[in-house]
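Q: Handing you a structure now.
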Amino acid sequence: MRHMESYQLTFAQALHTALQGKLSLQHITNLLETPRRKELGDAAFPCFTLAKELKISPVDIAQELAEAISHPAFEKVEAHGPYVNVFFHRLSFSAEVLSRILREGEHYGDHDAGNGATVTIDLSSPNIAKPFSMGHLRSTVIGASLSHLAEKNGYVPIRINYLGDWGTQFGKLITAYLHWGDEDRVRKQPIIELLALYVMFHEKAQTNPALNDEARLWFKKLEDGDEQALQLWKWFRDESIQSFQKTYDLLSISFHSYNGEAFYNDKIAGVVNQLRAKGLLTLSDGAEVVSLEEHGLPPCLIVKRDGASTYAVRDLAAAIDRYKTYHFKKSLYVVGPEQSLHFQQVMLVLEKMGYTWAKEMIHIPFGFILKEGKKMSTRKGKIILLEEVIAEAISLARQTIELKNPTLPNKEVVAKQIGVGSLIFHDLKNDRLGNVEFSLQTMLAFEGDTALYLQYTHARACSLLRKVTSAPSTSGLCDDHSFSIVKHLSLFPVIVQNSFSHYEPSQLAKYAIQLAHLFNAYYSAVRILTEDSERDNRLALVKSVTIVLKESLRLLGVQAPEEL
RNA sequence: GUCCCAGUAGCUCAGCAGGAUAGAGCAUACGCCUUCUAAGCGUACGGUCGGGGGUUCGAAUCCCUCCUGGGACGCCA
């Protein structure tokens with residue numbers, strides 16, 4: 001990992017000179033690492049590769065290099081076995097880092113890699129007439145964080161909520177409603193009632209397969225513009241969107257577009273015609289498909305046997321439309337891993353159609369939320385409602401506030417920030433692809449690696465700053481605790497870049513946890529407000545920590561109250 | 001059957017473009033508030049890095065193979 005770049009570079013150059021061109025500067029830079037333990041130094045150069053080339057013991061090489069290097073930026077250069085370790089000049093390094101953070105404020109870590117190019121992000125994308133489940137939370141929260149990170153890296157993010165508002169599921173829902181539905185009950189509790197109908201359909205279809213045919217028929221009618229079908233569809237859709245909006249408000253997430261599958265309905269025929277004109281369609285079992293045999297993949301189903309469209313065509317139409325509308329540089333799809341094959345197929349079909357930008361489409365899958373080790377399934381009604389979990393989280397946060405700080409102003413606002421933040425952070429702190437076992441207990445925990453830990457640390461630091469009026473000073477600090485924090489703060493810009501380039505908000509989450517941990521250790525070891533000559537330098541450190549912590553949380557989609 | 005993802009401490013997970021003694025949190029035990037928010041800090045306990053091969057100075061990390069869990073594999077999305 002490349003840390004503390006300017007100092008690393010200085011070190012690399014010094015090595016380059018000392019080695020008299022035996023290794024290129026680039027090669028040296030790539031070899032540099034950070035010692036496992038800080039007592040060993042701030043940067044290290046392992047001599048193994050050099051030893052191999054020169055056929056000299058790496059220990060001897062390290063010894064020789066350490067003696068040859070000396071630079072005002074380094075306090076000490078020493079050989080430690082086969083490594084050359086350097087210690088940065090703490091005072092100047094910390095002065096440099098802290099003054100930069102104070103100068104740049106929330107813009108510290110901004111990066112212009114994107115150069116103003118557009119990135120579309122397909123996120124959340126719940127299915128209409130189904131409740132907003134825990135699974136949708138992952139897409140929403142990961143997508144929102146990637147959107148913030150994209151912006152921080154100089155891109156212009158476009159958040160698209162590709163609503164699942166079309167498809168055979170509506171045939172099923174209409175069928176179920178006409179058989180067993182009750183208008184008043186649906187009006188009273190739309191989401192719950194519609195889900196019940198959906199579940200009932202699947203139960204009854206087990207013993208009565210004719211229902212499936214009926215559902216297909218209703219969807220076909222919907223596509224053909226049947227009035228009754230359309231009316232029901234619109235009703236179901238409106239009710240659902242209203243319900244989703246409440247959740248988005250709680251999560252503070254907004255979208256640039258809600259164009260869902262239905263929006264592309266009238267563009268499907270054009271895509272099918274285009275495929276046909278290019279000779280890409282072949283008939284198979286009465287359905288029309290695009291063969292992907294040359295890629296070793298199963299064919300992509302385009303038109304069903306009954307003439308109805310498939311979700312693949314809708315994704316094709318949507319991708320084409322998005323490119324026309326936004327001219328994206330990248331197009332991200334934050335969608336579950338079960339659709340990996342589907343996206344591979346869609347991208348390859350687009351390429352076969354001649355759209356070179358299909359290469360810029362990136363599927364960003366994530367692990368499942370499991371219940372007792374199994375994927376949760378809507379069809380069996382095994383579902384946990386996000387709204388209930390959020391309400392539970394906020395209520396727990398409220399209780400904790402009453403316990404810890406009953407005189408806090410804005411208790412209700414803060415309870416919301418803590419409760420919602422803890423859910424978001426729980427979802428983002430682990431590797432995207434890892435599965436998450438659903439557990440209210442861990443999800444709503446307020447100890448350890450949680451949003452609250454970060455929020456608490458931030459509030460604590462803010463509290464210190466509130467108590468003084470003098471301006472922070474940045475002539476530097478050199479004790480162990482301070483310097484560990486400074487080094488960590490200096491990594492932030494790199495973390496911002498890596499989190500986005502790997503599409504992995506968890507890297508940032510881990511970074512923030514570590515920062516909070518270092519700060520809390522410092523807090524308990526050093527009396528920050530003691531009035532001595534160093535106080536204003538300590539305050540500069542505290543201020544810098546609040547800036548980076550708050551910005552980290554913002555990029556994750558979590559709020560950082562100044563007091564709690 | 002084929003393909004994809006995962007397997008690291010009792011539990012949840014970091015680490016994985018190979019590098020120095022494998023790290024956190026939870027749980028357990030014990031310390032630390034007359035002083036800046038104890039929602040915190042510290043110490044202890046805890047490991048055949050799923051098994052087995054291989055590549056090399058060096059493997060949790062790369063390659064092969066097997067085992068286990070999950071997912072996908074045309075008319076759901």
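Q: Rounded to the nearest 10 Å², what accessible area does A:S125 have for a 1.4 Å probe in the complete protein model?
A: Accessible area, nearest 10 Å²: 30 Å².
Q: Then there is this: For region A:5-88, what's the relative contact order in percent, using C-alpha pairs closer than 8 Å and at least 6 residues apart?
A: For region A:5-88, the relative contact order is 28 percent.
Q: Still on this structure, please answer the following. How much length, in nm to one decimal, is gained on full extension between A:N405 and A:L465, taken as 0.36 nm per residue of separation minus their Cα-Cα distance?
A: 19.7 nm
Q: A further question follows. Give me the percent of DSSP beta bridges within chain A that run antiparallel, rounded to the nearest 5.
A: Roughly 60 percent of the DSSP beta bridges within chain A come out antiparallel.
Q: Enter the per residue convex hull volume of region A:386-556, computed from alpha-carbon coordinates, in Å³ rounded to the nearest integer. Write down the numbers at each step before the final one.
A: On the way: hull volume 21.5 nm³, N = 171.
In region A:386-556, the Cα hull volume divided by residue count equals 126 Å³.
Q: In chain A, if the dipole is taken from +1 on Lys/Arg beta carbons and -1 on Asp/Glu beta carbons about the Cα centre, which of A:A129, A:Y522, A:I485 is farthest to the positive end?
A: Comparing the listed Cα positions along the dipole, A:A129 ranks first.
Q: Let me ask something else. Once you have the Kirkwood Rh of region A:5-88 from its Cα pairs, apply Stokes-Einstein at 20 °C and 1.002 mPa s and quote D in µm²/s.
A: Calculated translational D: 173 µm²/s.
Q: Share of antiparallel DSSP beta bridges in region A:224-374, in percent to the nearest 5? Could the numbers behind the result be given before it?
A: Numbers: 9 of 12 bridges.
Percentage antiparallel, nearest 5: 75.
Q: Next up: In region A:5-88, if the dipole is taken from +1 on Lys/Arg beta carbons and -1 on Asp/Glu beta carbons about the Cα centre, which of A:P58, A:F88, A:V77 is farthest to the positive end?
A: A:P58
Q: Moving on to the next point. Hey, what number do you get for chain A at 222 nm if only DSSP H runs of n ≥ 4 count, each worth -39500 (n - 2.57), divided across all residues, to the nearest 500?
A: Values: 21 runs with 311 residues, N = 564.
My calculation for chain A gives -18000 deg cm²/dmol from helical runs alone.
Q: Tell me which of A:T546, A:S470, A:F368 sits at the most positive position along the dipole axis of chain A, charges placed on C-beta atoms (Lys, Arg +1; Asp, Glu -1).
A: Of the listed residues, the answer is A:F368.
Q: Still on this model: To test your reading of the geometry: what angle, between 0 and 90 degrees and rounded to tens, separates the Cα axis of helix A:480-501 from the longest principal axis of chain A?
A: 30
Q: Moving on to the next point. Please report, in debye to the nearest 20, how large the charge dipole of region A:1-136 is about its Cα centre when each Lys and Arg carries +1 at its beta carbon and each Asp and Glu carries -1 there.
A: Computed charge dipole of region A:1-136: roughly 300 debye.
Q: Can I ask one more? Can you give the angle from 0 to 90° between the axis of helix A:386-404 and the longest principal axis of chain A, with both taken from C-alpha atoms, to the nearest 10?
A: That works out to roughly 40 degrees.
Q: Here's another thing I want to ask about it. At a Cα cut-off below 16 Å, give the lysines reachable from A:K304, other chains included and same-chain residues fewer than 8 away excluded.
A: The qualifying lysines are A:K220, A:K221.
Q: Here's another thing I want to ask about it. Among the aspartates and glutamates, which fall within straight-line cross-link reach of A:K404, defined as a Cα-Cα distance under 17 Å, with same-chain neighbours fewer than 8 residues apart omitted?
A: A:E412, A:E447, A:E562, A:E563
Q: Starting from the Cα gyration tensor of chain A, take the square roots of the eigenvalues, sort them a ≥ b ≥ c, and report rounded, prolate or oblate (rounded when a/c is under 1.5, otherwise prolate if a/b is larger than b/c, else oblate).
A: oblate
Q: Can you list which of the trypsin sites (Lys or Arg not before Pro) found in region A:407-515 are DSSP loop residues with at most 10 other C-beta atoms within 10 Å?
A: In loop regions of region A:407-515 (DSSP not H, G, I, E or B), the sparsely surrounded trypsin sites (Lys or Arg not before Pro) are A:K467.
Q: So if I take the centroid of the Cα atoms in region A:506-564 and the same for region A:199-240, what is the distance between those two points in Å?
A: That distance is 54 Å.
Q: In addition: List the lysines whose Cα sits under 23 Å from the Cα of A:K38, skipping any in the same chain fewer than 8 residues away.
A: A:K76, A:K487, A:K510
Q: Enter the accessible area of A:D60 (Å², nearest 10), with the probe set to 1.4 Å and all protein chains included.
A: About 80 Å², ignoring ligands and nucleic acids.
Q: Under a point-charge model restricted to the Cβ atoms of Lys and Arg (+1) and Asp and Glu (-1), what is the dipole moment magnitude of chain A relative to its Cα centre, in debye to the nearest 20?
A: Approximately 160 debye in magnitude.
The values are calculated or read from the model by the stated rules, or taken from the named source; none is laboratory data. Nothing here was measured: the structure is a model prediction, and the numbers come from that model. Here Cβ is always computed from backbone atoms with ideal geometry, including for glycine, and neighbour counts include all displayed protein chains. These area figures cover heavy atoms from the full protein model, side chains too; ligands, DNA and RNA do not enter into them. Shrake-Rupley method; radii C 1.70, N 1.55, O 1.52, S 1.80 Å.
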